[in-house]
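Novice: My questions will all concern the structure given below.
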Amino acid sequence: MRRKGKMDAIEINSTYLNETLEVTWYLPEGFTPFNDYQIAYMQDGKDYFQMGRIATLSDRLHDEAAINPTIFVGIHYQDRYDRWDKYHPEGKQHDAYTAFLMKEAVPTVEDALHIEPVSRALIGDSLAGTFAWMTATTFPSSFQKIIMQSPLVNEHVLTRARTAKHIQSMEIFHSVGLEETAVATTNGETMDFLQPNRELHKILKTKCKPYFYDEFDGNHTWKYWQRDLPDILIRMFS
């Protein structure tokens, strides 16, 4: 099926990471520079494009006027160990990757597209959701929306929730599966994701508005994250 929007990519030679990263974006049909757009930055970018079917959803939801004009930008990882190093709050490349996103990826993409977005979102599943939370709350003036699907929640995440300032007006979507009680992680541990996410929910429901929380009937896989994406995108980008 022919796409209505346009997919494009750019390579960024990162001075912070000492590597070249490809950043891919999907523009809605009729994209015109200098107009008003929301922009969503997705870690696990290829997963969101391939398993999440973001381009297909973008075409459909824009066609139905179910979301306002939104550009979806994806940044991917090399392998699961690289992903851990960059996304985990204690990862050895976490700070460098955050600097890459804020100082290289975001300006490069928005300069290339000639836009000043009306809002920015960070989107992520699992550990990428953790990165979305930690980064958006570090730079609350740069990001207005957070989507975290089944994030890994540890004491770093909970402490940030307790102490973060200027997040009261951020729009946050947060979900976790009822079957996510024994999730295998890259460092070899098996973790209960459900209970820590419930702890995070207890904190955020008193601090943030609008804040949307969902416990879905499923486990820690794309089968369930993809199923819920249409409703999430409508809720967050309409």
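The values are calculated or read from the model by the stated rules, or taken from the named source; none is laboratory data. Owing to the predicted nature of the structure, the values given are computational and were not obtained by experimental measurement. As a convention, Cβ positions derive from the backbone with ideal geometry for all residues, glycine included, and neighbour counts pool all protein chains shown. Quick note on the areas: whole protein, heavy atoms, side chains included, nothing else; ligands and nucleic acids left out. Shrake-Rupley method; radii C 1.70, N 1.55, O 1.52, S 1.80 Å.
Novice: Please report the Cα spread of segment 197-238 along all three principal axes, rounded to whole Å, starting with the longest.
Specialist: So the extents along the principal axes, rounded to whole Å, are 30, 26, 11.
Novice: Further question on the same structure: Shape of segment 5-130 from its Cα gyration tensor (a ≥ b ≥ c, root eigenvalues): rounded if a/c is under 1.5, otherwise prolate when a/b > b/c, or oblate?
Specialist: prolate
Novice: Now, a different point. Put +1 on the Cβ of each Lys and Arg and -1 on the Cβ of each Asp and Glu in segment 1-90; which of M42, Y26, G5 then has its Cα farthest toward the positive end of the dipole?
Specialist: After comparing all options, I get G5.
Novice: Among the trypsin sites (Lys or Arg not before Pro) in segment 142-182, which ones are in a DSSP loop with at most 15 other Cβ atoms within 10 Å of the Cβ? Mind listing them?
Specialist: K165
Novice: Turning to a different aspect of this structure: Compare D36, D217, D85 in a GNM of the chain, Cα atoms joined below 10 Å, and give the one with the largest fluctuation.
Specialist: Checking each option, the largest mean-square fluctuation is seen for D217.
Novice: Another question, then. Taking all protein chains as present, what is the carbon and sulfur share of the accessible area of segment 25-134, in % to the nearest whole number, probe 1.4 Å?
Specialist: 45 percent
Novice: If the only charges are +1 at each Lys and Arg Cβ and -1 at each Asp and Glu Cβ, what is the size of the charge dipole of the chain around the Cα centre, to the nearest 20 debye?
Specialist: Charge dipole of the chain: 520 debye, to the nearest 20.
Novice: Relative to the Cα centre, what is the charge dipole magnitude of segment 79-134, using +1 at the beta carbon of each Lys and Arg, -1 at the beta carbon of each Asp and Glu, and rounding to the nearest 20 debye?
Specialist: 120 debye
Novice: What number, rounded to the nearest 500 deg cm²/dmol, is the helix-based mean residue ellipticity at 222 nm of the chain, given -39500 (n - 2.57) per DSSP H run of at least four residues and division by all its residues?
Specialist: -11000 deg cm²/dmol
Novice: Now, a different point. So with the 1.4 Å probe, I'd like the accessible area per residue for segment 1-157, rounded to whole Å².
Specialist: 43 Å²
Novice: Give me the net charge of E215's neighbourhood, meaning all other residues with Cβ under 12 Å from the Cβ of E215; Lys, Arg count +1, Asp, Glu -1.
Specialist: Summing Lys/Arg as +1 and Asp/Glu as -1 gives -4.
Novice: Once R0 is set to 35 Å, what does the formula 1/(1 + (r/R0)^6) return for the Cβ-Cβ distance between A99 and D217, expressed as a FRET efficiency to the nearest 0.05?
Specialist: 0.35
Novice: Quick check: Cα centre of segment 114-130 to Cα centre of segment 186-229, how many Å?
Specialist: About 17 Å separates the Cα centre of segment 114-130 from the one of segment 186-229.
Novice: Follow-up question, since we're still on this one. Would you kindly state how much longer the chain becomes between R3 and R53 on full extension, computed as 0.36 nm times their sequence separation minus their alpha carbon distance, in nm to one decimal?
Specialist: Length gained, R3 through R53: 16.8 nm.
Novice: Hey, which lysines would be in cross-link range of K6, C-alpha to C-alpha under 23 Å, not counting anything within fewer than 8 residues on its own chain?
Specialist: Hits, sequence-local ones excluded: K46.
Novice: Further question on the same structure: Report the extension gain between N35 and E64 in nm, rounded to one decimal, defined as 0.36 nm multiplied by the number of residues separating them, less their alpha carbon distance.
Specialist: 8.5 nm
Novice: Over 10 Å intervals from 0, what percent of Cα-Cα pairs in the chain sits in each interval?
Specialist: Computed distribution, short to long bins: 7, 35, 38, 18, 2.
Novice: What's the Cα-based Rg to Rh of segment 135-225, Rh via Kirkwood?
Specialist: A ratio of 0.97.
Novice: Simple spin-label model, 7 Å along Cα-to-Cβ: L158 to Y16 in nm?
Specialist: Taking the simple label geometry, L158 and Y16 are separated by 2.8 nm.
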